[in-house]
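Worksheet for the structure shown next.
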């Protein structure tokens, strides 16, 4: 259950990063409100998950989902440049997060 909270928190992190961009420096009301809601939800769920999980792997999964999700969203919907290097880099982030969860990486 704790890992599910981390995954949802990571998806919410993607949401707050995208809304931060869309808020145009907190000058647009609804993207700013959405940013605050996503951020509170993301940090809240991460906090709850840390009651049961080690901080290193949980934080890595949270930031990995957020970073990869935000980069992918930007390329798909916000006109960010798509390149082979970006796609390879996103893949490496995801593989690194998975590597932290492989047998032998936990106590």
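Summary table
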item	result
Residue within the range 44-54 that is within 28 Å of residue 26 (Cα to Cα) and exposed (fewer than 12 other Cβ atoms within 10 Å of the Cβ) present	yes
Matching residues, the range 80-104, being closer than 25 Å to residue 42 by Cα and either modelled with pLDDT under 95 or not in a helix (DSSP H, G or I) (or both)	80, 93, 94, 95, 96, 97, 98, 99, 100, 101, 102
The one condition in (1) assigned to a helix (DSSP H, G or I); (2) out of contact with any helix residue (DSSP H, G or I) (no Cβ under 8 Å at 6 or more places or on another chain) that residue 65 fails to fulfil	(2)
Count of the range 81-101 residues which are closer than 21 Å to residue 9 by Cα and either touching a residue at least 24 places away in the same chain (Cβ under 8 Å) or surrounded by fewer than 16 Cβ atoms within 10 Å (Cβ to Cβ) (or both)	11
Which numbered condition residue 34 misses (of (1) farther than 25 Å from residue 5 by Cβ; (2) surrounded by 16 or more Cβ atoms within 10 Å (Cβ to Cβ))	(1)
Given (1) part of a helix (DSSP H, G or I); (2) closer than 26 Å to residue 99 by Cβ, index of the condition residue 34 fails	(2)
Some residue of the range 73-80 being under 15 Å from the mean Cα position of the chain (by Cα) and either without any contact (Cβ under 8 Å) to a residue 24 or more places away in the chain or on the phi > 0 side of the Ramachandran plot (or both)	no
Number of positions in the range 9-31 that are surrounded by fewer than 17 Cβ atoms within 10 Å (Cβ to Cβ) and closer than 13 Å to residue 58 by Cβ	0
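Per-residue answers, yes or no, for (1) part of a helix (DSSP H, G or I); (2) over 25 Å from residue 80 (Cβ atoms); (3) modelled with pLDDT of 95 or more:
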| position | (1), (2), (3) |
| --- | --- |
| 5 | yes, yes, yes |
| 8 | yes, no, yes |
| 13 | yes, no, yes |
| 39 | yes, no, yes |
| 47 | yes, yes, yes |
| 57 | yes, yes, no |
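The values are calculated or read from the model by the stated rules, or taken from the named source; none is laboratory data. Values in this document were obtained by computation on a predicted structure and should not be read as measured data. FYI the Cβ positions are ideal-geometry reconstructions off the backbone, even for glycines, and counts take in every protein chain you see.
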